[in-house]
Structure formats: C-alpha cells, structure tokens
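Right, one structure below, let's go through it.
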Amino acid sequence: MNSTRLFWPIPTTLFPSSNTPRPAGAVAWYRCGDRYGHRILLRAGGDWVEGAATLEDKEPSLWPSSPPIQQVGSQDVPATTRESSPALPAPVWFGLGMAGRSHWSVSIQPDETGVRFDWACRVGGTPAWLGITYVLPSEVRITGISSGLLLESTQHRWTLQVDADTTLLHRPSENTLQVVPKTVEATTCWRYAWRTANLSASTS
C-alpha cells in the first residue's frame with residue numbers, strides 16, 4: 001500500500017501546558033488514494049506504540065473494508081460537552097466520506113486512557129458489509145474480556161472495548177479485527193475505544 005503519513009497527531013504537542021494531562025491514545029492519518037486511513041497510537045511510558053492500522057482497499061468499493069474517509073478536521077469542544085474525560089481539553093477530530101449513495105462520519109476523542117471512536121453511516125442501499133477493519137501487528141496474542149478484547153505483544157498490552165451496539169470479529173488467518181454494528185438501520189452507529197491496559201506487560 002502506497003501511503004503517506006500525515007499531519008496529526010504529533011502527540012507531545014497536543015497538550016502544550018505542563019499542567020495539562022497528556023493523552024494515552026492518538027491517531028496518525030495516512031493518505032491512501034482518495035481517502036485517509038489511520039493508525040492507532042497508544043502511549044507506553046514515554047514512547048508511542050502502534051496498536052493497529054486500518055485496512056484500506058486498493059480498488060473502489062461501495063462497501064469498503066474501512067469507512068472511506070475523504071475529509072478530516074478538528075474542533076476544540078468545551079470540556080462540559082466532552083463525553084469521555086470532561087476535564088481534558090483535547091480537540092475532537094472529525095472525518096467525513098462517501099461511497100455510492102452512503103455517507104460515513106466519525107468523531108475521535110483522545111483522552112488519558114486511550115482514544116474513542118464514534119462512527120455513523122447513512123446507508124444508501126443494502127450493505128454487503130458495514131464496519132471497519134484493522135490490521136494487527138504481527139505476533140499479537142488476543143483473549144476475550146468483558147465488552148472487548150485484550151491484545152498482548154511481547155512488551156505491551158492494550159484493549160479494544162466496544163459499546164452495546166457494536167461487536168468484534170477476529171480473523172486470525174488474516175491478522176485482522178473487524179468492528180461492526182450489531183444492527184443496520186437507515187443511519188447506523190457503532191462505537192469503540194482503544195485503551196491502554198498497563199501497557200508495559202508484566203515479565204512474570
């Protein structure tokens with residue numbers, strides 16, 4: 001895949017004040033054809049670890065492996081309206097895109113435990129597939145936990161947690177995780193969060 005890493009985030013500059021907590025999660029956008037994919041970044045001590053990356057189709061599709069985000073931007077949301085971590089003055093990032101007669105949108109909120117995604121698709125037609133697909137790092141072990149999955153590498157641990165309207169599909173042969181809505185409606189929503197989980201794994 002021919003991709004270029006883009007402008008956001010530079011995680012250490014999201015919170016310039018030394019008195020402001022820094023996020024434990026962030027997203028790095030990259031360009032893939034006419035759309036943006038993203039990589040999940042999670043803080044491990046002073047370093048950032050890549051937890052997963054979206055699978056972007058090489059050819060156009062009405063129901064792509066990952067939502068076809070074509071515009072991205074950010075907005076500072078007042079602390080009182082932030083759903084997760086009200087005291088953290090982080091920007092919320094937005095993405096918009098379309099394929100055929102369907103329109104996708106996402107809001108992304110980094111906070112002190114990870115990064116949360118809220119997706120919606122205004123469905124134009126009967127979906128052959130709807131959701132998002134992440135490619136995992138090699139040699140990741142996955143176990144089930146309440147409302148999600150625990151992912152472990154030789155050095156790090158993190159979780160992917162889903163809301164009640166969302167489910168997970170693990171495809172070991174493809175080394176992917178798919179996050180999908182449980183039901184499809186005229187406007188379909190699904191929500192999840194990548195979280196640190198004592199990210200430095202125990203050596204015991």
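For Arg39, indicate whether it is under 16 Å from Pro110 (Cα atoms), at pLDDT 90 or above and under 15 Å from the mean Cα position of the chain (by Cα). Yes; evaluated as a whole, the condition is true for this residue. Residues that are of a type in the set (Gly, Ala, Ser) and either surrounded by 15 or more Cβ atoms within 10 Å (Cβ to Cβ) or part of a loop (DSSP other than H, G, I, E, B) (or both) within region 160-190 comprise Ala164, Ala186, listed in sequence order. Taken over region 1-36, the criterion of being at pLDDT below 50 and not in a loop (DSSP other than H, G, I, E, B) is satisfied by Thr4, Arg5, Pro11, Thr12, Thr13.
Look through region 89-122, keep the residues that are surrounded by 19 or more Cβ atoms within 10 Å (Cβ to Cβ) and part of a loop (DSSP other than H, G, I, E, B), and return whichever of them is modelled with the lowest pLDDT. This residue is Ala90. Here is a list: Gly100, Gly95, Gly131. Which entry is closer than 24 Å to Arg43 by Cβ and in contact (Cβ under 8 Å) with a residue 24 or more places away in the chain? Every option except Gly95 fails the conditions.
Every listed requirement among (1) touching a residue at least 40 places away in the same chain (Cβ under 8 Å); (2) over 15 Å from the mean Cα position of the chain (by Cα) is met by Asp47 save one, (1).
The values are calculated or read from the model by the stated rules, or taken from the named source; none is laboratory data. It should be emphasised that the depicted structure is a prediction, and the values quoted were computed from it without experimental measurement. Note: ideal-geometry Cβ built from the backbone for every residue, glycine included; neighbour counts use all protein chains shown.
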